[in-house]
Amino acid sequence: MNTKRKVASDFFVGIFVVALFASVSAAYEEAVVNNGGTIRGSLKVDGKVPKLPPLQITKYKEICRDVPNESLLVGPGQGVRYAVVTLEGITKGKAVEKEVGP
């Protein structure tokens, strides 16, 4: 793929992602929450932990050839580290915490 086509493709994908997130965030209404609840738990792998394919290194291969694939980290008791759980269908609630930059 030539450079101009790649840049144009990346631009349109970026616009699509921004539009998608704008429509999703517009559907959520911030409101005062009294007596809210807390969700706690853990995510565990059921069964055998799959063997992950090696990472596809595209730059600095001579330095990064032995980088482990850590896209799934499983600890004692089959617990998954860095798991993300999404609640769907929530349209109203307290303000979503935003990441603060440096």
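The values are calculated or read from the model by the stated rules, or taken from the named source; none is laboratory data. Small disclaimer: the values here were computed from a predicted structure and weren't measured. Cβ sites come from the backbone with ideal geometry, for glycine too, and all protein chains shown count toward neighbours.
Give the residue, chosen from G36, G77, that is assigned to a loop (DSSP other than H, G, I, E, B) and touching a residue at least 12 places away in the same chain (Cβ under 8 Å).
Numbers: G77 fails: assigned to a loop (DSSP other than H, G, I, E, B).
Of G36, G77, the one residue that is assigned to a loop (DSSP other than H, G, I, E, B) and touching a residue at least 12 places away in the same chain (Cβ under 8 Å) is G36.
Just to be sure I understand, how many residues within the range 39-74 are more than 30 Å from A27 (Cβ to Cβ), in contact with a Gly (Cβ under 6 Å, 6 or more places away or on another chain) and assigned to a loop (DSSP other than H, G, I, E, B)? Quick ask: steps written out before the conclusion?
Of all residues in the range 39-74, those more than 30 Å from A27 (Cβ to Cβ) come to 44-70, 72-74.
Subset that is in contact with a Gly (Cβ under 6 Å, 6 or more places away or on another chain): 44.
If we keep only those that are assigned to a loop (DSSP other than H, G, I, E, B) as well, we get none.
So the answer is 0.
Restricting attention to the range 50-66, and to residues there that are in contact (Cβ under 8 Å) with a residue 12 or more places away in the chain and surrounded by fewer than 10 Cβ atoms within 10 Å (Cβ to Cβ), which single residue is nearest to G37 (Cα to Cα)?
The first filter runs over the range 50-66 and keeps only residues in contact (Cβ under 8 Å) with a residue 12 or more places away in the chain, leaving 50, 52-55.
Checking the rest, the ones that are also surrounded by fewer than 10 Cβ atoms within 10 Å (Cβ to Cβ) come to 50, 53.
Numbers: P50: 34, P53: 39 Å.
Selected residue: P50.
When residues of the range 67-89 are filtered for being of a type in the set (A, V, I, L, M, F, W, C), closer than 23 Å to G37 by Cα and modelled with pLDDT under 85, how many remain? Before the answer, list the steps.
Restricting attention to the range 67-89, the residues satisfying the condition of being of a type in the set (A, V, I, L, M, F, W, C) are 67, 72-74, 80, 83-85, 87.
From what is left, the residues that are closer than 23 Å to G37 by Cα are 83-85, 87.
Adding the requirement that they be modelled with pLDDT under 85 leaves 84-85, 87.
The number of residues fulfilling the criteria is 3.
Considering only the range 80-94, how many residues are without any contact (Cβ under 8 Å) to a residue 60 or more places away in the chain and surrounded by 10 or more Cβ atoms within 10 Å (Cβ to Cβ)?
Let us first name the residues in the range 80-94 that are without any contact (Cβ under 8 Å) to a residue 60 or more places away in the chain, namely 80-89.
Narrowing further to those that are surrounded by 10 or more Cβ atoms within 10 Å (Cβ to Cβ): 80-81, 83.
So the answer is 3.
Suppose we filter K51, K59, K98 for residues that are basic (K, R), out of contact with any strand residue (DSSP E or B) (no Cβ under 7 Å at 6 or more places or on another chain) and at pLDDT below 85; which single one remains?
Details: K51 fails: at pLDDT below 85; K59 fails: at pLDDT below 85.
The unique qualifying residue is K98.
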